[in-house]
DNA sequence: ACTTTATTGCGTGAAAACAACACAAAATAT
DNA sequence: ATATTTTGTGTTGTTTTCACGCAATAAAGT
C-alpha cells in the first residue's frame, strides 16, 4: 500500500440559527491567520488522528465559537485538489442547527470575539470556496425543512404557532396560508398543544404554546407516513 | 499548520444496474489482497494527489471493472477511525448508475474477471463496513427514485413502458397500478413516445417505445414543479 | 374607558389529485 | 384456429389541497 498520499482531512460546520427578529442566520468566524486572514469563513479545522468526524466538528465549534449544536448531519465532502492555495485539503462539511434560545448566546462566550451570526440574505465575502459550501447548505436546509421536522430544532422547545409559520415563510421565501398550514401540521399530530399561553410581547392576541413530540413523530415514520409541506 | 495528520483518503463506488431478468444489481469485486482477501467488496481505491474525487472514482472503476458510469453523485463520507484494521482510511462513497445496455457487459472486459453483478436482494458477505455502506446506498436509490428521474439512467435510452413499471415495482417492492402510474408519468410530459414499437421477445403484444426528455424535465424544474411518485 | 390596531383561531366550498377497478387489442405458443 | 401472454386505455368515488372571510383576544392610542 502506498503511503505517499498527501491530503489533509478537515471538517467544516455550517450552523444555522433562527429568531423572529434576525431571521435565519449562519455562524461564521473571522480568520486569524493566512490565507484569507481577516475574512469571514465557516468554522472548522483538522481532524485528529483518533477522533471521529463528528467529534472533530463539536470540538472545533466549541473552540472557535462556544456554541453547542442541537442537530448535526453530514452535508457534503469537498475534495477538489485546489480548494486551499497552500496544499490539498479535503473538507467533510456538516450541517448543524441550534435552538432559538442558544442563538445569540455568542456574546456570553469567551472565545467568541471573532464569531458572529449573519443573516443568510446578508452574507459577507467569504474565504476559500465557502460561498459555494454555504449555498449548498442553505439549499439543503430549504429543501429538508419541507420533508423532515428539522424546523423544530431551530425554535425553542415551546413556541407559539406563529413562530413556526414565520420560520417557514422566511425560509421558503413565500407566503403561507396560516389556516391551511395549521391544518396540515396539526393533523400529523406531532405537536402537543400546551395549556399555557405565550406571554405577549407587543400588540395582538397571545398565541397558545406548542411543543414538538418526537416520539409521536417516530411512530408515524415507522408506519410509513411522512411529513411533507 | 500541523502536518502530523495520518489519514488516507479513498473513494468507493456503489454502482447499480438493472435488467428485467436480473432485477436491480450492484457491482462488486473480489479482493485480491489482505485484509479480507477473497471476499467481495465495493470497488474503490486511494485518491491520487492531484486528482479530483470524481476522477478517482472513474479511474478505479475502469481499472477494476471496466464499467463506464452513466450517472454519478456523492453518497456519503465514512470516516470512523477504525473502519480499516490497518490504518485510518476515510472513504468518500459515490453512487453510480449504468444503463441497462452497459449492464452485463462485464464479461467482455479484460480486467473484470474478479468483478460481478449481484442482485441487491442476494448479496454475499462483504468486506470492511461495506454492508452498511451498501445499505445506505440502496436506501438512497429507493428514496431518490421517487422524486428524481434517475430511474431512466438505469434503462436503455429507448424503453417500453412496462420496463419502467417493472423497475419501480422491483425497487419499491410493491405492486403498482399500471394505469394510474402511466397517467402520473405521462402527464408530467417528460417522456417522448416514439413511433417505433419494441420488437417482441416472447409472447404478448409489443409495447410502444419511450424516451426520457431531459430538457423538458429541466423546464419543469425551473418552473418549480417536481416529479414525485 | 373606549376605540383602534395587531394578531390568533377557526370553517366551508371548489378544484385537483388519487385510488380502485375491467375489458379489448396485438402478438406469440400450441 | 384457439389459447395464452402482454399492452393499452377510461370512469367513478374518495381524499387532499387550495382559496378565502370573519369573529375573538389582547395591547396601544386617545
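The values are calculated or read from the model by the stated rules, or taken from the named source; none is laboratory data. Given the structure is predicted, the values throughout are model-derived calculations rather than measurements. Note: ideal-geometry Cβ built from the backbone for every residue, glycine included; neighbour counts use all protein chains shown.
Scanning segment A:186-200 for residues that are within 12 Å of DNA strand C (Cβ to nearest atom) and more than 13 Å from residue A:159 (Cα to Cα) gives A:186, A:187. Checked against the criterion of being crowded, with 19+ Cβ neighbours inside 10 Å, under 22 Å from residue A:67 (Cβ atoms), under 16 Å from the mean Cα position of the chain (by Cα) and within 16 Å of DNA strand C (Cβ to nearest atom), segment A:110-127 has no qualifying residue. The single condition among (1) within 14 Å of chain A (Cβ to nearest Cβ); (2) within 24 Å of the chain's Cα centre (by Cα) that residue B:6 does not satisfy is (2).
In summary, strands (runs of 3 or more DSSP E) completely within segment B:75-188 and bearing 3 or more residues that are away from DNA strand D (no atom under 16 Å from the Cβ) and on the phi < 0 side of the Ramachandran plot occur at B:89-97, B:115-119. When B:38, B:17 are screened for being surrounded by fewer than 18 Cβ atoms within 10 Å (Cβ to Cβ) and either under 19 Å from residue B:152 (Cβ atoms) or away from chain A (no Cβ under 14 Å) (or both), only B:38 passes.
For segment A:79-91, the criterion of being in contact with a helix residue (DSSP H, G or I) (Cβ under 6 Å, 6 or more places away or on another chain), surrounded by 15 or more Cβ atoms within 10 Å (Cβ to Cβ) and within 14 Å of another protein chain (Cβ to nearest Cβ) is satisfied by at least one residue. Quick check on segment B:212-229: of everything there that is under 21 Å from residue B:17 (Cα atoms) and away from chain A (no Cβ under 14 Å), which residue is farthest from DNA strand C (Cβ to nearest atom)? Filtering segment B:212-229 for residues that are under 21 Å from residue B:17 (Cα atoms) and away from chain A (no Cβ under 14 Å), the one farthest from DNA strand C (Cβ to nearest atom) comes out as B:214. Please determine whether any residue of segment A:193-211 is more than 13 Å from DNA strand D (Cβ to nearest atom), surrounded by 14 or more Cβ atoms within 10 Å (Cβ to Cβ) and either within 14 Å of another protein chain (Cβ to nearest Cβ) or in a helix (DSSP H, G or I) (or both). No, segment A:193-211 contains no residue that is more than 13 Å from DNA strand D (Cβ to nearest atom), surrounded by 14 or more Cβ atoms within 10 Å (Cβ to Cβ) and either within 14 Å of another protein chain (Cβ to nearest Cβ) or in a helix (DSSP H, G or I) (or both). Residue pairs whose Cβ atoms lie under 6 Å apart, separated by 6 or more positions or on different chains, with the first residue in segment A:154-166 and outside the structural domain of residue A:101 (by TED's automatic domain parsing) and the second near DNA strand C (Cβ under 7 Å from one of its atoms) and assigned to a helix (DSSP H, G or I), are A:165/A:178.
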